[in-house]
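Since the structure comes first, as structure tokens, the remarks are kept for the end.
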Amino acid sequence: HHKAQVLGDATVSSQLVFPPVTSGQGFFLPDSPLFFLDQFSQKIKLLLAFSSEQKARVRSQIAGERLAELRIMLERQNPEGINVALSQLTKEVGFAAKELSDAAAQGADVKLLAKQINEDIKFQRKLLNLVADQTSGVLRNQLKTARHALKEAKVEVEDELPEDELENEIKEGLLDEVENEVDEASE
């Protein structure tokens, strides 16, 4: 009965359309008792990343893994796994944005990395929105909250984009927000 509460009464995981993601999941999934080993290996990768730029790349890759794991947790209808994947996804994206800002503050040219991370976040937000539109209840709210957290990180990443791309991102972001607000109001 918990699965119905998480996915909403009318939502069945087999009905969800979750397009393939570019990253693969970690070796241990969030519902595994050995998931801490996956997190430990990622901490080692972060320790071996000496610059803020490298840390931003690693954190962006970890976020991609969490998105892939979210897909699996949704298929398994695992509420705890969904919570872990979503919270870790938002946390890693936020840290990637911070590391990118730190690298820029240290004088590194991060424009290409900012563009890559920005595209990753746009893709992640698009997927979260797609799944949220197919769900109801607690899960829908969790996905919307995660999408909002990714938006905040995206704004921080956009600060490091070249001027012309920043203008385009602002326009796209405004159109996206207006569309989402209209959808919310119509519901």
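Listing for the model above:
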quantity: Value of relative contact order over the chain, rounded to a whole percent, pairs C-alpha under 8 Å and six or more apart; calculated: 26 percent
quantity: Out-of-range pairs (alpha-carbon distance over 18 Å; input Lys98/Lys151; Lys55/Lys144; Lys55/Lys171); calculated: Lys55/Lys144; Lys55/Lys171
quantity: Among Glu165, Glu177, Glu53, residue whose mean-square fluctuation peaks in a GNM of the chain (springs only between Cα atoms under 10 Å); calculated: Glu177
quantity: Cβ-defined net charge surrounding Arg125, 9 Å radius [Lys, Arg +1; Asp, Glu -1]; calculated: +4
quantity: Most mobile listed residue (Arg59, Arg76, Arg125) in the chain, GNM with C-alpha springs under 10 Å; calculated: Arg76
quantity: Karplus-derived HN-Hα couplings along region 38-43 (A = 6.51, B = -1.76, C = 1.60, θ = phi - 60°), whole Hz, x at Gly and Pro; calculated: 4, 5, 5, 5, 6, 5
quantity: Shape category assigned to region 44-150 from the gyration tensor of Cα positions, a/c cut at 1.5; calculated: prolate
quantity: In Hz, Karplus ³J(HN,Hα) per residue of region 50-61 (6.51, -1.76, 1.60; θ = phi - 60°; x = Gly, Pro); calculated: 7, 9, 5, 4, 5, 5, 4, 4, 4, 5, 5, 5
quantity: Per-residue HN-Hα couplings for region 171-184 [Karplus 6.51, -1.76, 1.60; θ = phi - 60°; Hz; x = Gly/Pro]; calculated: 4, 4, x, 5, 4, 4, 5, 5, 4, 5, 5, 5, 4, 4
quantity: In Å², nearest 10: area of Asp38 left accessible to a 1.4 Å probe; calculated: 10 Å²
quantity: Extension gain from Lys171 to Glu184, taking 0.36 nm per residue of separation minus the Cα-Cα distance; calculated: 2.7 nm
quantity: Size of the chain as Cα extents on the principal axes (Å, biggest first); calculated: 53, 43, 21
quantity: Full-extension gain in nm, Glu152 to Ile44, via 0.36 nm per residue minus C-alpha separation; calculated: 36.2 nm
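The values are calculated or read from the model by the stated rules, or taken from the named source; none is laboratory data. None of the values given here were measured: they were computed from a predicted structure. Quick reminder, even Gly has a Cβ in these numbers, built from the backbone with ideal geometry, and neighbours come from all protein chains shown. Ligands, DNA and RNA are stripped out before the accessible areas are found, and what is left, the full protein with its side chains, is counted by its heavy atoms. Shrake-Rupley method; radii C 1.70, N 1.55, O 1.52, S 1.80 Å.
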